[in-house]
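*Asks:* The structure under discussion is supplied below as structure tokens; questions concerning it will follow.
Read the figures in this text as sums done on the coordinates, not as results from a lab. None of the values given here were measured: they were computed from a predicted structure. Here the Cβ positions follow ideal geometry from the backbone for every residue, glycine too, while neighbour counts run over all protein chains shown.
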Amino acid sequence: MTRYAHGVSAILAFVLAALALAGLAWMVSFATEELGRRFGAAITGFMQSTLGNLPEFFVVIFALQAGERVVAETAILGSILVNALLVLGMVIIAGARITRDGVMRFSPRLPNDTATLLLLASFIIVLIGLADASRDPASHHTRTISIVGAVAILLVYATWLRNYLTSDQPPREGAATARVSTALSLILLGVAGAASAFVSDWFVHALQPTINQLHISQAFAGLVIVAIAGNAVENVVGIVLAHKGESDLAISVVKNSVAQIAAFLYPLLVLVSLLTATTLTFALAPVYIGALIGTAVIVWQITGDGEATVFEGAALVATFVILAMVAAFES
């Protein structure tokens with residue numbers, strides 16, 4: 001925003017841009033929820049996560065164009081961790097607290113599928129990390145391996161998505177009717193999508209001066225600040241739905257976002273980055289590789305059986321806090 005408003009401090013511009021992203025995320029959330037009233041939980045969750053990730057997609061693109069590789073990498077990884085740990089944990093806490101026995105129940109299919117997709121994405125990240133650490137000959141071909149791996153993961157995601165969406169169940173009888181027309185919902189989504197690109201440009205260009213003034217690490221900025229701002233939809237919508245007792249829909253919103261970022265958005269950005277100033281690959285620092293694998297395992301263990309308690313939700317939130325602290329001391 002400092003590019004368009006002279007005299008505005010970097011921190012103020014950053015805060016205003018973050019608020020604008022949150023506002024656009026709310027617009028996307030509202031419009032998608034209205035469309036979702038006409039469909040089942042799978043389609044609704046998919047639409048919610050897809051359109052809710054628009055701001056994050058543009059943030060990463062502009063970060064790569066600006067040469068901010070660390071911010072771009074940690075923003076993607078942070079989005080996975082924020083949704084899989086912080087948001088999911090808060091959703092479980094909200095959902096479990098309103099039940100008589102303190103147990104939130106939901107279909108286990110999506111959580112298990114999400115864990116599989118997350119482990120698939122982690123597989124190539126771990127292999128590249130091991131190759132780099134051992135100076136293996138393959139380490140000299142990280143870009144090529146990333147491109148081929150991205151295409152392979154996208155094909156797997158497309159296969160899963162087709163089966164997942166075609167098996168969706170229609171909304172139950174008595175579900176709330178849409179408050180606005182389909183046409184208006186689509187217009188809101190279009191406006192929010194276009195505005196996301198513009199605001200994301202402000203956000204990224206105000207980020208580096210803000211990092212310098214507040215003396216925070218790029219890793220913390222990407223892993224925590226950018227990730228939370230870019231996933232405002234899941235942060236709010238999932239918790240609200242869980243509080244209303246819409247367990248399957250709440251889990252669908254959050255889990256779809258995790259699956260989509262890991263198996264669609266990340267590999268897509270690897271390919272799109274070939275057109276930007278900075279190329280993105282699946283090469284990550286060892287600490288983040290460990291965080292990703294640990295997240296996949298703990299999320300699978302907690303949600304794989306289709307049940308979760310307040311204790312388990314709190315464990316997910318605590319895990320994210322620990323990761324955020326580590327990121328705060330990274331460069």
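*Asks:* Between Ser167 and Thr279, what is the label-to-label distance in nm when each label sits 7 Å out along the Cα-to-Cβ direction?
*Replies:* So the label points at Ser167 and Thr279 sit 3.8 nm apart.
*Asks:* Stretched out fully, how many nm does the piece from Val191 to Ser107 gain, at 0.36 nm a residue minus the Cα gap?
*Replies:* Stretched fully, the Val191-Ser107 segment lengthens by 26.9 nm.
*Asks:* Identify the chymotrypsin sites (Phe, Trp or Tyr not before Pro) of the stretch 272-331 meeting these criteria: DSSP loop state and at most 13 other C-beta atoms within 10 Å of the C-beta.
*Replies:* Of the chymotrypsin sites (Phe, Trp or Tyr not before Pro), the ones in loops of the stretch 272-331 whose Cβ has at most 13 other Cβ atoms within 10 Å are Phe329.
*Asks:* Val297 to Glu330: extension gain in nm, 0.36 nm per residue of separation minus the Cα-Cα distance?
*Replies:* Length gained between Val297 and Glu330: 9.5 nm.
*Asks:* Taking 0.36 nm per intervening residue step and subtracting the Cα-Cα distance, what contour gain separates His140 from Leu271 on full extension?
*Replies:* 45.3 nm
*Asks:* Here is a further query. Once you place label points 7 Å from the Cα toward the Cβ at Val151 and Ala183, how far apart are they in nm?
*Replies:* Result for the modelled spin labels: 4.3 nm.
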